[in-house]
């Protein structure tokens, strides 16, 4: 934390550090009412919409994400997730129907691990074919979540610990319990429509609602409940020529009066010219309105897609963040069967 050795020579430095600290605290208070989120929302399917469960072309899908928000403020927010989902009863369902199940784990840490959130989710989705060619599907899904949240006040730093003589480490704040745990069960749901006109393009539109039962979430025994989060998202892809495809997507989220809108796209370059098993390079840009530009680069090969984004903050927080919103890495692996005559599914990618 801030240590002042020479008050005369380091006054400017102290003021800069205080500005960063105040901005971080104010932002923390605002984001506490919101769920963790990823800039690469399209690469974290089970945190975006449980209706993505089982919606991929393969035997199973494993996905992982890591985000470090505001890296100039030490461990301000770090979020990690891992998931696996797969279709079940494929031989017992109508040809173009899919039933998927999935499991997801998410860890979110704030304020240098002062607040540690852990979530385990189980989801299921049924994708119903709407036409004889399987070009259109509609999915309905549900997701149950067990949440464990731990607040360790002993690691916190308070305003009165910073004095004209330096950082004292002593505060007048008093807490009955410096290590508080909250546990609860949550329920989420989602809808997803996917379609194609010819099997080579794709488009989709989805909506999800998280925290349907509005669980209580308070470390002090109050009646604060978690506000529902509404998400609307959509996108698609269309070939540009034989070796290039444009992918576009958007997301709109609203929770407790806070909103987020992200819009953008990427171009996939087929590097090996193989239509069935391409090696693709993705380059693109998304924009979070009022907050950050999000350049994206990705590589896909043999069922693996690796993606990286680096948020460039352009909001009023750019002074504290040095225009850096956060590093984010995503990894998705889809295992595909070797059968060349297998049924291929039309699935969203971004």
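Taken over the range 82-104, the criterion of being free of Cβ contacts under 8 Å to residues at least 60 places away in the same chain, part of a strand (DSSP E or B) and surrounded by 15 or more Cβ atoms within 10 Å (Cβ to Cβ) is satisfied by 82, 83, 84, 85, 86, 87, 99, 100, 101, 102, 103, 104. Just checking, how many residues over the range 113-139 are surrounded by fewer than 17 Cβ atoms within 10 Å (Cβ to Cβ) and touching a helix residue (DSSP H, G or I) at 6+ places or on another chain (Cβ under 7 Å)? Adding up the residues that qualify gives 1.
Conditions (1) more than 30 Å from residue 114 (Cβ to Cβ); (2) touching a residue at least 60 places away in the same chain (Cβ under 8 Å); (3) out of contact with any helix residue (DSSP H, G or I) (no Cβ under 6 Å at 6 or more places or on another chain), marked per residue:
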| site | (1), (2), (3) |
| --- | --- |
| 182 | no, no, yes |
| 187 | no, no, yes |
| 190 | yes, yes, no |
| 193 | yes, no, yes |
| 199 | yes, yes, yes |
| 202 | yes, yes, yes |
| 214 | no, no, yes |
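Within the range 323-350, restricting attention to residues that are at pLDDT below 90, more than 18 Å from residue 53 (Cβ to Cβ) and touching a strand residue (DSSP E or B) at 6+ places or on another chain (Cβ under 8 Å), the residue that is surrounded by the most Cβ atoms within 10 Å (Cβ to Cβ) is 325.
Under the condition of being surrounded by fewer than 20 Cβ atoms within 10 Å (Cβ to Cβ) and at pLDDT 95 or above, the residues counted in the range 241-253 number 5.
The values are calculated or read from the model by the stated rules, or taken from the named source; none is laboratory data. Note that the coordinates shown come from a computational prediction; the quantities given were computed from them, not determined experimentally. Virtual Cβ from ideal backbone geometry, glycine too; neighbours counted across all protein chains shown.
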